[in-house]
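Derivation of every value follows stated rules applied to the coordinates shown; laboratory data play no part. Keep in mind the model is a prediction, meaning the values are calculated, not measured. Don't worry about glycine lacking a Cβ; one is built from the backbone with ideal geometry, like all the others, and counts go over all protein chains shown.
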Amino acid sequence: MISSHAKQSFERIFEKAARTRLPMESSHSCSIAPLREPMAGADTRAVVLTISSIAFRLLLILHVNEDTAAVEYFTSDNPERPFNEVFQEICNLCCGAINQELLNYFPDLGMSTPYTLSARCLPYLSGLKPELLESFAISIDAAAGCIELAATLCVCAHAPVDFIADVSQAEDTSGELELF
Amino acid sequence: MQYMQYQKDGCDSMVVIQQYLVAVIAASAVTAVLAWVVHRLRSASLLRQVNDASAARIAELTRDDDRHAQQFAQAEQDKLALEVTVAELRDDLARQAALVDETRAALAAANENRDQLARDAQRIADEAQRLKSLAATFERWHEQMISLMTQNQDMHTKNQELSSIVRHVVIVSLNASIEAARAGQAGRGFAVVASEVRSLAARSEELSKSYRDSLHRNDLTTTATFQDIQAGGKMIAASLASVESLASQFQSRLH
């Protein structure tokens, strides 16, 4: 029920949100590539967020290994804060950007708060019967090195979904506060 | 002689006087006749003038009379026309008055309708405002997810403990098999028991893995479901806020 245009649009919107919200500084480049198998190590965290509408629900899952490089990168602004809290906030900003973009095409949307699961849950996403299930490898080129993340986009439709997203508009990188 | 003369002279004088008198009388008569004739002529002239003037006046008056008669007839017609017009105007007035009454009644009904719509809009806004508290219900459900996930986490921990025990039992059963083999013939029965224990441990390990997988599946399903509920609640709250705003705008336009 999700048209190919809509699938491509979801992916474009996700990529735009990831590029603008995941790097801690706008000068850090962010490359995104399709991933055949998502990260599913025992220590891999998977932060899950849901955007619900009348016609579909979208799950954004961001996977990260809590290694030293990732912890230092994401907590560089405030090393005292717990990594999970900081990373959930970043994921929330990323999902908020997707939500904001989707509001241009779907007037009724709501977004959940983030929740962290083990990445071992991810193989069971197919149990939700998604029509779009894509994983992406995300590399952030920071000054200290490359930070590797992964993301999974899972969209379950309850009605036909067809739209074409135009994400060519100028980016707003001001980092507005997402309320949740 | 003289006297005679005097008499003759007197007679002459008398004749002269008589002649004079006759002449005077004749002259007077002629003058009178002339005067009378002149007077008659003058009178006749004046009479003609008066007659002419009278005739002209009569003609003029006749024309005036005709004109007045025509004007009177016209006035009568105008009066009749005016009476018709007045009657029509009276009818129009009656119709207009009836129309005004109808319009006034319609206006009153429209005002009442508008007030009713304003009250309805207010009720919708109030209801939307009230229903927005449903968000708290969705949040309550979401909090139950945290509780469920905490229980799941507890089951994960217990399952890991069980898995650890099972691994330990496997090691113990292997050791028992080794010891049974050392015991030779005397240990054959013990070897069977050790093998059975190892088999049970292997089945327990499989069961533990399956249980772990089920817990992970349960984690994902629970999270996805409750996040859908939470996000759906926010979607409904946002839609209700939109309804409330529209109802308020509609109400403000009515006043």
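Highest first, please rank the peptides A:128-137, A:92-101 by the mean number of other Cβ atoms sitting within 10 Å of their residues. Display every interim value, and only then the final one.
Numbers: A:128-137: 16.9, A:92-101: 22.0.
Ranked by mean Cβ neighbours within 10 Å, highest first: A:92-101, A:128-137.
I need to check one value: relative contact order of region A:4-157, counting alpha carbon pairs closer than 8 Å and at least 6 residues apart, in percent. Walk me through the numbers on the way to the answer.
Working: 274 pairs, mean separation 55.0, N = 154.
Rounded, it is 36 percent for region A:4-157.
Show which lysines lie in cross-link reach of residue B:234 when reach means a straight Cα distance below 16 angstrom and same-chain residues fewer than eight apart are skipped.
Cross-link targets: B:132.
For the pair residue B:45/residue B:66, report the inter-label distance in nm, with labels modelled 7 Å from Cα in the Cβ direction.
3.4 nm
Only helical DSSP H runs with n ≥ 4 go in: add -39500 (n - 2.57) per run for chain A, normalise by residue count and round the 222 nm mean residue ellipticity to 500 deg cm²/dmol.
Working: 3 runs with 45 residues, N = 180.
About -8000 deg cm²/dmol.
Give me the distance in nm between label points sitting 7 Å out from Cα along the Cα-to-Cβ direction at residue B:106 and residue B:186, one decimal.
So the label points at residue B:106 and residue B:186 sit 11.8 nm apart.
Nearest 10 degrees, 0 to 90: what angle lies between the long axis of helix A:4-21 and the longest principal axis of chain A (Cα atoms)?
Helix A:4-21 and the main axis of chain A meet at about 20 degrees.
Give me the distance between the Cα centres of region B:66-139 and region A:1-75, rounded to whole Å.
Using only Cα atoms to place each centre, the spacing works out to 65 Å.
Evaluate the Kirkwood expression for the hydrodynamic radius of chain B, namely the inverse of the mean inverse distance over all pairs of different C-alpha atoms, and round to one decimal in Å. Write down the numbers at each step before the final one.
Working: mean 1/r = 0.0286 Å⁻¹.
Radius from the Kirkwood sum: 34.9 Å.
Considering Cα pairs under 8 angstrom that are at least six residues apart, work out the relative contact order of chain B and quote it in whole percent.
The normalised contact order for chain B reaches 29 percent.
If R0 is 60 Å, what FRET efficiency do you get for residue B:195 and residue B:245 from their C-beta distance, rounded to 0.05?
Here the calculated transfer efficiency is 0.20.
If you take each beta carbon of peptide A:123-135 and count the beta carbons of other chains within 10 angstrom, what is the mean?
2
May I ask you to order B:235-244, B:102-111 by the average number of other C-beta atoms within 10 Å around their residues, highest value first?
B:235-244, B:102-111
Can you sort B:146, A:90 so the residue with the fewest Cβ neighbours within 10 Å comes first?
Fewest-to-most ranking of B:146, A:90: B:146, A:90.
Over all alpha-carbon pairs in the protein assembly as shown, figure out the percentage whose distance exceeds 39 Å. Please list the in-between numbers first.
Working: 54614 of 94395 pairs.
So the portion of pairs separated by more than 39 Å is 58 percent.
Other chains near B:211-221: what is the mean number of their Cβ atoms within 10 Å of each residue's Cβ?
Mean partner shielding for this stretch: 5.
Determine which lysines satisfy two conditions relative to residue B:158: a Cα distance under 24 Å, and not lying fewer than 8 residues away in the same chain.
Partners found: B:209.
Quick one: compute the contact order of region B:132-254, relative version, from alpha carbon pairs under 8 angstrom and 6+ residues apart, as a percent.
Here the relative contact order equals 43 percent.
Which order, highest average first, do A:12-25, B:36-49, B:200-213 follow once you tally other Cβ atoms within 10 Å for each residue and take the mean per peptide?
A:12-25, B:200-213, B:36-49
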